[in-house]
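Presented below is the structure to which this report refers.
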Amino acid sequence: MASMIESAWAFLLANFSDFQLTSLGGFIVHESAFFLSGIPFILFEKAGWFGKYKIQKKTNTPEAQQKCITRLLIFHFCVNLPILIVTYPLFKFMGMRSTLPLPSWKVVSTQVLFYFILEDFVFYWGHRVLHTKWLYKHVHSVHHEYATPFGLTSEYAHPAEILFLGFATVIGPAITGPHLITLYLWISLRILETVEAHSGYHFPWSPSNFLPLYGGSDFHDYHHRLLYTKSGNYSSTFVYMDWLFGTDKGYRKLKMLKEQEGKAM
């Protein structure tokens, strides 16, 4: 398996420049992971599939879904892609490489875990700041236009927010200077996580049912349903920051009441 990956990577190195693999390749990885994981949830909602696992009974209109997709494409090509191009020299300066040999899985997994932990810490505070009155009204309210989120709404946000919270995603790689393949994996996993959190569905196989401290769709859906001053649940992947600072008390109380109601029935 490792030799196959190395052979495929050698082919990429032989046919594309380091800049193309980092900027354009990173963009392609992002778009592929995002739309391939997000579009199925639109289909589920339209077809009424997996209805018993849908967190909210309310659905989005086709017009609202189309608006989201259109703006996403504009933001991705006019904001995300230029950022990837402009920040290429910075990542090279911080030590990122694309050459062979590829890093070991031990190195890759350790770095990715570090990125998740650091991203949670930075994202929590950034997200919490965005829920202050002025920033919510002028910036973060764009993301909260969808009180009933679906997968693709995870990146539906004001351009200023894309830059602001995007810092949480790139700070880890900027510190460690990873191999490009590690960056590809990190981008993909982070996208899969945020799409799942905004999916609007809580399945028996959802990661939050198996991974300790993982937030997931039920945790983040609560955040979208409430008023910005009372929502809490500011974490991205793991919930330890909300637990430490008590910003998930409303969610935990609601969950406890639901469990009690279930036992009573």
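Test each condition in (1) open to solvent by 50 Å² or more (accessible area, probe 1.4 Å); (2) touching a strand residue (DSSP E or B) at 6+ places or on another chain (Cβ under 6 Å) for residue 8 and report the one that comes out false.
(2)
Which of the following residues is free of Cβ contacts under 8 Å to residues at least 60 places away in the same chain, among the hydroxyl-bearing types (Ser, Thr, Tyr) and farther than 17 Å from residue 199 by Cα: 98, 3, 23?
Unique residue meeting the criteria: 3.
Note down all Cβ pairs under 6 Å where the first residue falls in the range 125-139 and is within 17 Å of residue 224 (Cβ to Cβ), the second is of a type outside the set (A, V, I, L, M) and open to solvent by less than 50 Å² (accessible area, probe 1.4 Å), and they're at least six residues apart or on different chains.
Matching pairs, first to second residue: 127/234; 128/234; 130/140; 139/161.
Which numbered condition in (1) at pLDDT below 95; (2) out of contact with any Phe, Trp or Tyr (no Cβ under 8 Å at 6 or more places or on another chain) is the only one that residue 45 fails?
Result: residue 45 passes all but (2).
Taking the range 197-231 on its own, how many of its residues are closer than 22 Å to residue 49 by Cα, among the small types (Gly, Ala, Ser) and touching a residue at least 60 places away in the same chain (Cβ under 8 Å)?
Counting residues in the range 197-231 that are closer than 22 Å to residue 49 by Cα, among the small types (Gly, Ala, Ser) and touching a residue at least 60 places away in the same chain (Cβ under 8 Å) gives 3.
Provide a single number: the residues in the range 29-54 that are free of Cβ contacts under 8 Å to residues at least 24 places away in the same chain, farther than 15 Å from residue 192 by Cα and not aromatic (Phe, Trp, Tyr).
6
In the range 127-148, what residues are part of a loop (DSSP other than H, G, I, E, B) and either exposed (fewer than 15 other Cβ atoms within 10 Å of the Cβ) or modelled with pLDDT of 95 or more (or both)? Explain how you work it out, then say what you get.
Residues of the range 127-148 part of a loop (DSSP other than H, G, I, E, B): 131-132, 139, 146-148.
Answer for the range 127-148, where residues must be part of a loop (DSSP other than H, G, I, E, B) and either exposed (fewer than 15 other Cβ atoms within 10 Å of the Cβ) or modelled with pLDDT of 95 or more (or both): 132, 139, 147.
Take the range 18-31 and flag every residue that is open to solvent by less than 50 Å² (accessible area, probe 1.4 Å) and more than 13 Å from residue 183 (Cα to Cα).
18, 31 - these are the residues of the range 18-31 that are open to solvent by less than 50 Å² (accessible area, probe 1.4 Å) and more than 13 Å from residue 183 (Cα to Cα).
How many residues, within the range 197-207, are open to solvent by less than 30 Å² (accessible area, probe 1.4 Å) and either outside any loop (DSSP other than H, G, I, E, B) or of a type in the set (Val, Ile, Thr) (or both)?
Result for the range 197-207: 2.
Quick check on my filter: what residues within the range 32-50 are open to solvent by 80 Å² or more (accessible area, probe 1.4 Å) and touching a helix residue (DSSP H, G or I) at 6+ places or on another chain (Cβ under 8 Å)?
46, 49, 50
Looking at (1) touching a helix residue (DSSP H, G or I) at 6+ places or on another chain (Cβ under 8 Å); (2) open to solvent by 40 Å² or more (accessible area, probe 1.4 Å), which is the one condition that is false for residue 53?
Failed condition: (1).
Residue-wise test of (1) in contact (Cβ under 8 Å) with a residue 40 or more places away in the chain; (2) in a helix (DSSP H, G or I); (3) of a type in the set (Val, Ile, Thr); (4) within 19 Å of residue 68 (Cα to Cα).
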| position | (1), (2), (3), (4) |
| --- | --- |
| 161 | no, yes, no, yes |
| 167 | yes, yes, no, no |
| 174 | yes, yes, no, no |
| 186 | yes, yes, no, no |
| 195 | yes, yes, yes, yes |
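The values are calculated or read from the model by the stated rules, or taken from the named source; none is laboratory data. Small disclaimer: the values here were computed from a predicted structure and weren't measured. Don't worry about glycine lacking a Cβ; one is built from the backbone with ideal geometry, like all the others, and counts go over all protein chains shown. Heads up: the accessible areas ignore ligands, DNA and RNA and are worked out on the full protein's heavy atoms, side chains in. Shrake-Rupley method; radii C 1.70, N 1.55, O 1.52, S 1.80 Å.
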